[in-house]
Amino acid sequence: MAAAFLIPGAARAAAPGAVVESLSLRCGTTTCDAEIQRPAGVSRPPVIIMAHGFGALRDWGLSPFADRFVQAGFAVVRFDYRGFGRSGGQPRRVVDGPAHVDDWVSVIDAVAARQDVDGARLGIWGSSYSGGQVLVAASRRPQVVKAVSSQVPFVHGLSSALRYPLRHQPAAMWMAIRDALRGDGEAPVYMPIISADGGTAALICDECVAGYSRLVPKGQEGENKVAARFLFSLPFFYPIDSAPQVQAPTLVIAAAQDGLIPVQKVRDTAKALPRGEYVELAGAHHFSPYSGPVFEQVVARQTAFFRQHLAR
């Protein structure tokens, strides 16, 4: 199993009744930067592992979910993939579904081996691109993962790729080709994740600019970029194919008005899960679950789900 170690002096005050410590978890030949938040006074609590979606970092809008889970008695580990945030790895900011799944598996193994949490009661939580990744990761660790929460998940590469606007495809493909031709050691050709002025970007939908912008903390706007080569891998990433192999109870939450992910593919994925639960949020778009009344609805359902399947 992958080894984990604490960074000395990394403990800091968190929400009332919790302590946060920084972690560095072995991922392949480098490390994934992570953070564990534990409820004070709880011995070996069940644990939930979280990571973000397309190009996002663990501090971008995940803390409210983590805080609720900790208040409910769970430990929470949030991590960044290789090449993102303070994680190691080169090149930087390469979005790659299968590689991210490898990081999920490494982190699952590391957390399951820890003595300060109960690795026999381990759940995983993903949203958007990671909402699909957790399905694949759970299928690869069926004896370890006991509950899965998959929020507005990316599940079918081609169907999502077909939503990319035709008028932006030539410019996007030119960037992707140039990036793919980069040699080892050369910086990637980057594409903006979102473009406020309507230019070519990785994510284009009615809710994308406002929704994604709300996730990015002030001062981190420079992280609004990903290596353009993702265009050659994303259409061929199919988490839906792993759904029949997921043994753990799985909560799937979809947005009925999702501008990035065809909701019918999410419905199909939920039906393919042996122990799936499906919730469709009427009137919600892709970024609705991160704030406001929809967040309250979603986090309450997810907390109840994890309590049902991870509590003794």
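Could you please let me know if Gln90 is out of contact with any Gly (no Cβ under 9 Å at 6 or more places or on another chain) and at pLDDT 95 or above? Judged against the criteria, Gln90 is not a match.
Against the conditions (1) at pLDDT 95 or above; (2) not polar (S, T, N, Q); (3) not in a helix (DSSP H, G or I), Arg312 satisfies every one except (1). All of (1) among the aliphatic types (A, V, I, L, M); (2) in contact with a strand residue (DSSP E or B) (Cβ under 7 Å, 6 or more places away or on another chain); (3) assigned to a helix (DSSP H, G or I); (4) open to solvent by 10 Å² or more (accessible area, probe 1.4 Å) hold for Val134 with one exception: (4). Taking the range 137-153 as the range and being in a loop (DSSP other than H, G, I, E, B) and under 10 Å from the mean Cα position of the chain (by Cα) as the test, only Pro153 passes. Of the residues making up the range 154-176, those that are open to solvent by less than 70 Å² (accessible area, probe 1.4 Å) and outside any loop (DSSP other than H, G, I, E, B) are Gly157, Ser159, Ser160, Ala161, His168, Ala171, Ala172, Met175, Ala176. Does Gly28 meet the test of being out of contact with any Gly (no Cβ under 7 Å at 6 or more places or on another chain) and surrounded by 19 or more Cβ atoms within 10 Å (Cβ to Cβ)? In short, no.
Residues that are under 23 Å from Pro293 (Cβ atoms), open to solvent by less than 10 Å² (accessible area, probe 1.4 Å) and either part of a loop (DSSP other than H, G, I, E, B) or of a type outside the set (A, V, I, L, M) (or both) within the range 43-67 comprise His52, Gly53, Ala56, Trp60, Leu62, Phe65, listed in sequence order. Of all residues in the range 218-255, those that are open to solvent by 40 Å² or more (accessible area, probe 1.4 Å), part of a loop (DSSP other than H, G, I, E, B) and within 26 Å of Ala172 (Cα to Cα) total 4.
The values are calculated or read from the model by the stated rules, or taken from the named source; none is laboratory data. What you are looking at is a predicted structure, and each value in this text was computed from that prediction instead of being measured. Every residue, glycine as well, gets a Cβ built from its backbone with ideal geometry; the counts of neighbours run over all protein chains shown. Heads up: the accessible areas ignore ligands, DNA and RNA and are worked out on the full protein's heavy atoms, side chains in. Shrake-Rupley method; radii C 1.70, N 1.55, O 1.52, S 1.80 Å.
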